Amino acid sequence: MRRAIKIGGVVVWLLFATLTLAYVWGRHPDAIPPPPLGFSLWLNDLFDAHDAEASADVDIYYMLTVSFLFASLCTFVAWRTFKRLR
């Protein structure tokens, strides 16, 4: 039971951190460097984004993916650090 609570807590934390980072990034797009132009164009081609609305959807997918990876990495590093200190 205790393991399930820990896993649930980590999942809730990752969801909260991901959505918060993506929200802040969306509100302040100049605070985080944009991806290279070639990568952005490749993503638009991959998702078949030919208009502004579809391109905005691709931007949201990118923000959520990068935010999740960053939150996961920070969580893993913090978890390992606290485990070593204990």
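The values are calculated or read from the model by the stated rules, or taken from the named source; none is laboratory data. Since the model is a prediction, treat every value here as computed from it, not as a measurement. Every residue, glycine as well, gets a Cβ built from its backbone with ideal geometry; the counts of neighbours run over all protein chains shown.
Remark: pairs (first residue in segment 60-86, part of a helix (DSSP H, G or I); second residue among the β-branched types (Val, Ile, Thr) and surrounded by 10 or more Cβ atoms within 10 Å (Cβ to Cβ); Cβ separation under 6 Å; 6+ apart in sequence or on different chains) = 67/18; 68/18; 71/18. Residues of segment 29-53 that are of a type in the set (A, V, I, L, M) and either more than 17 Å from the chain's Cα centre (by Cα) or surrounded by 12 or more Cβ atoms within 10 Å (Cβ to Cβ) (or both): 32, 37, 41, 43, 46, 49, 52. Selection of first residues in segment 14-26 that are among the small types (Gly, Ala, Ser) and of second residues that are in a helix (DSSP H, G or I) and surrounded by 12 or more Cβ atoms within 10 Å (Cβ to Cβ), restricted to Cβ pairs under 7 Å at least 6 apart or on distinct chains, gives the following pairs, ordered by first then second residue: 17/71; 22/63; 22/64; 22/67; 26/63. Note on segment 1-55: residues that are within 27 Å of residue 75 (Cα to Cα) and outside any helix (DSSP H, G or I) total 7. When we screen 72, 40, 55 for residues that are modelled with pLDDT of 95 or more and of a type in the set (Gly, Ala, Ser), the only hit is 72. Is it the case, given these coordinates, that residue 10 is of a type outside the set (Gly, Ala, Ser) and either touching an Asp or Glu at 6+ places or on another chain (Cβ under 6 Å) or touching a residue at least 24 places away in the same chain (Cβ under 8 Å) (or both)? Criteria met by residue 10.
Scan segment 54-66 residue by residue and report those that are more than 14 Å from residue 28 (Cα to Cα) and within 10 Å of the chain's Cα centre (by Cα). Steps first, please.
From segment 54-66, those more than 14 Å from residue 28 (Cα to Cα) are 54-58, 61-62, 64-66; that's our starting set.
61, 62, 64, 65, 66, listed by residue number.
From the list 42, 25, the lone residue that is of a type in the set (Phe, Trp, Tyr) and farther than 16 Å from residue 70 by Cβ is 42.
Is it the case that residue 48 is at positive phi and without any contact (Cβ under 8 Å) to a residue 60 or more places away in the chain? In short, yes.
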